[in-house]
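Peer 1: One structure, pasted below without further comment.
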Amino acid sequence: MRMIFRAVLLYLTIGAGAAPAALTIEITQGMEGAMPIAVVPFGWTGSAAGAPENIAAIISSDLSRSGRFTPLPDRDLVAHPTDAEQVQFHNWRMLNVDNLVIGQVTETGAGGYTVQFQLFDVFRGKQLIGFSFPASHADLRRVAHHISDLIYKELTGEDGAFNTRIAYVTTANRGEQKSYTLLVADSDGYNPQTILNSGQPLMSPAWSSDGKRIAYVSFENKTAEIYTQDIASGARRKVASFKGINGAPAWSPDGRRLALTLSQDGNPEIYTMDLASLALKRLTSNAAIDTEPAWSPDGRSLVFTSDRGGAPQLYRIAASGGQAQRVTFEGKYNAGADFSPDGRKLAMVHGEGGAYRIAVLDIETGLLRVLTDGQLDESPSFSPNGSMIIYATGTGNREVLAAVSVDGRFRQRLSLQAGNVREPAWSPFAVD
Amino acid sequence: MRDQLKSLFAVLLIGVLAGCSTTGGDKSATGEAAVEDRSTTTEGGAVSTGVAGSGSFAGYSLDDPSSPLSRRVIYFEYDSSNVGAADQDLLSAHAAYLAGNPGQTVTLEGHGDERGSREYNIGLGDRRGQAVRRILELHGVAPHQVNTVSYGEEKPAAEGHHDVAWRLNRRVEIVYTGR
C-alpha cells in the first residue's frame, strides 16, 4: 500500500515542470499615519560585484507590505551610510523620517555570509537595536525577513509575520483539461514550491500548528479524500477516504487531531480524528449541513458552519462535543470561519444583499465589521500575528488573492501573471 | 418473444458496458485512473446478482439520444436541494432502468454555484446528490447501485459570474459507471 502511495505522489508531481510563477503583490490602499522610515542599501564586502540578495530591498518591501511603514524611496535617500560613524542624523531629521536602518553584508568564506544591521531613532540620535547573523546563500532572504520582524517588533511592539508562508491553490487550463496545483510560498510571494499537481480539484489547504505539514482535500481518485503531507520531504498519508464528503480539514493546536467533515452517515457532520490511530469522534448530529470546523487557539472548542437554522451561520461547540451555540446573528449568510491567533475574533464569509464579503466578528462584544468590498470574496485566513487577513477574490474574470488589515484600512492584491489563484492559508509562525 | 427480448436486452447491456470501458480508457489517458482504482473497488465491486432484468425494465436505451435517459442533469434553486416535478419524472425513468439493470451503477455528482464558502458548497452538492439518491431508491434502485460525490463549486458546467451560469452550475449529474 505504501508503495502505491509513493508511486501516486511521483506521478502527480511530475508534469509540474518548470518552477512555478511567483505571486506579485501590489498595495491597493495605503494606510494614513504609516511611519516614515529610511532603509539604506546595505554595504557589501565580498568577491562578487554585489551582494547575492538585496537585503535592504527585502526589508523595505516587508515593512511597506505590513501597512505600518512608508519606506523612503531610494531616490530620496540623502546619504548611503553603512556604519554608525557615517550617519548624520540631522540629514534624516530634515526628511522627517522617524527611523533609519543601515547594514552590511560580508562574505565569510565558501558560500557563507554575515549580515549585520542597525536600527536608529533619528530624532533622539541613538541606536535602538543592532544584530549580526551568519547566513548561507539560501538563508539570506530568511535573514532579511527576520530583520524585518525585529524592526517591526521594536517599533510597533507587535510580532512581525514576515518569516511566514502562505499555501494556495492555482488552476490553469491545459487544453481541454484543467490543472490544479497546491503551492507553498514565502509570505512575500517568493520561492513558490509545488506541494501537489493534479488533474482533479484540490481544496482546503490547512497548516499544522508547527508549520511543517499541510492537510488538504484531493479528488484525484474521483472522490474526495483528505491527505496530510510533510512539506519538506513531500511524504504524504491518506487519512480520510470515507463514503461521501471528506472535507474541511483543520489541525488541532496541539497537532494531534484533525477536525474534518464527513457525510458517511448520510449528511455532513463534524468529526475529530486522532492522527496516531485515525480513530474518529463525531461532534455534531443534525440533519443540517455541518462543516468548516475551525479550532479555537486554546483547542477547547470549535466554530463551524451550519444551516440548522435555515441558512448558514456560525456555531460553537466544545471539542469534547455537546450542545452547539450560535455565534453569528447579523446577515443571512456567515460561513467559513477562521479564528484570530488570540482567539478573540472570527473572520468569515459574510453574505448580504447578493454580495459575499469578508467580515470580522469580535466574539466578546458581538460587533461584526465588513472589511472587504468584493462580490465573491471567500476563504479568509489570519496572519499569525493577527494583523492581516488574506482571502480570495475576483477581478474581471480572474481569481486573485487579497489581504486586508484587520482594521480595514490597508489593502493589497496578490496575483499571478496568468491563471487563477484561490484558497489562501497563512502559515503559523515558523518553529525551528 | 420472451427469448428475443432477452437477447435484445443482452445486446443493450453489452453496448452499455462497452460504452463504459471507453470512458474508462479515457480516464487513463487523462491520467487520473493510473493513480489508484479504489473508488470502483469499494463501491462497484459490491454485488452482481442476476443479470437479466427482474424489475420494471422500461425499454429505454442509454445510447438513444431521444430517450429520456439521455437527459442526465438535474438543476436546483439557490441553496436548495428540492427536485422539481418534471425532474421527478426524469428520475423515475432512470430509476426504472437501473431497477431493471441491477448490475448497472451510477455516480451522482453534486455541484453548486460559486457563491459563498467552498466547503459549504461541497455540503450543498452532497445534499443535492443525496436528494436524487433517495428518489432513485424510492423507485426501486438498490442502494449499492448509487454512489455520490460532491464537487461543490469546483467543477462548474458554465463559466461566468452571473445568474445564467449559476443556474447551470447548481446541478446533479447522473453518470453511468458500470461495474
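The values are calculated or read from the model by the stated rules, or taken from the named source; none is laboratory data. Source: prediction; values computed, not measured. Cβ sites come from the backbone with ideal geometry, for glycine too, and all protein chains shown count toward neighbours.
Peer 1: For the list (1) among the charged types (D, E, K, R); (2) touching a Gly at 6+ places or on another chain (Cβ under 9 Å); (3) over 23 Å from residue A:57 (Cβ atoms); (4) in the same structural domain as residue A:67 (by TED's automatic domain parsing), I need the number of the one condition that residue A:149 fails.
Peer 2: Only one criterion in (1) among the charged types (D, E, K, R); (2) touching a Gly at 6+ places or on another chain (Cβ under 9 Å); (3) over 23 Å from residue A:57 (Cβ atoms); (4) in the same structural domain as residue A:67 (by TED's automatic domain parsing) is unmet by residue A:149, namely (3).
Peer 1: Scan the stretch A:49-68 for residues that are free of Cβ contacts under 8 Å to residues at least 40 places away in the same chain and either over 28 Å from the mean Cα position of the chain (by Cα) or buried (at least 16 other Cβ atoms within 10 Å of the Cβ) (or both) and jot them down.
Peer 2: A:49, A:50, A:54, A:60, A:64
Peer 1: I'd like the full set of residues that are part of a strand (DSSP E or B) and under 20 Å from residue A:169 (Cβ atoms), limited to the stretch A:360-391.
Peer 2: Answer for the stretch A:360-391, where residues must be part of a strand (DSSP E or B) and under 20 Å from residue A:169 (Cβ atoms): A:376, A:378, A:379, A:380, A:381, A:382, A:388, A:389, A:390, A:391.
Peer 1: Scan the stretch A:318-328 and give yes if some residue there is modelled with pLDDT of 95 or more and in contact with a helix residue (DSSP H, G or I) (Cβ under 9 Å, 6 or more places away or on another chain), otherwise no.
Peer 2: no
Peer 1: While we're on this one: Testing residue A:294 on (1) surrounded by fewer than 21 Cβ atoms within 10 Å (Cβ to Cβ); (2) among the small types (Gly, Ala, Ser); (3) within 14 Å of another protein chain (Cβ to nearest Cβ); (4) under 20 Å from residue A:251 (Cβ atoms), one condition comes back false. Which one is that?
Peer 2: Looking at each condition in turn, residue A:294 falls short on (1).
Peer 1: Please count how many residues of the stretch A:381-418 are at pLDDT below 95 and within 14 Å of another protein chain (Cβ to nearest Cβ).
Peer 2: Total meeting the criteria: 6.
Peer 1: Considering only residues of the stretch A:80-107 that are of a type in the set (D, E, K, R) and either part of a strand (DSSP E or B) or farther than 21 Å from residue A:150 by Cα (or both), which is farthest from the chain's Cα centre (by Cα)?
Peer 2: A:85
Peer 1: Also, I was wondering about something else. Every residue in the stretch B:108-126 that is of a type outside the set (Asp, Glu) and more than 16 Å from residue B:87 (Cα to Cα), please.
Peer 2: Filtering the stretch B:108-126 for residues of a type outside the set (Asp, Glu) gives B:108, B:110-112, B:115-118, B:120-125.
Across the stretch B:108-126, the qualifying residues are B:111, B:112, B:115, B:116, B:117, B:118, B:120, B:121, B:122, B:123, B:124, B:125.
Peer 1: Something else now. From the list A:78, A:143, A:105, A:101, exactly one residue is among the β-branched types (Val, Ile, Thr), within 24 Å of residue A:231 (Cβ to Cβ) and not assigned by TED's automatic domain parsing to the domain that holds residue A:193. Which is it?
Peer 2: Among A:78, A:143, A:105, A:101, only A:143 is among the β-branched types (Val, Ile, Thr), within 24 Å of residue A:231 (Cβ to Cβ) and not assigned by TED's automatic domain parsing to the domain that holds residue A:193.
Peer 1: So if I check each of A:290, A:298, which one is among the acidic types (Asp, Glu), over 22 Å from the mean Cα position of the chain (by Cα) and assigned by TED's automatic domain parsing to the domain that holds residue A:331?
Peer 2: A:290
Peer 1: On to the next question. Could you tell me which of the residues A:288, A:335 is assigned to a loop (DSSP other than H, G, I, E, B), within 11 Å of chain B (Cβ to nearest Cβ) and at pLDDT 95 or above?
Peer 2: Every option except A:288 fails the conditions.
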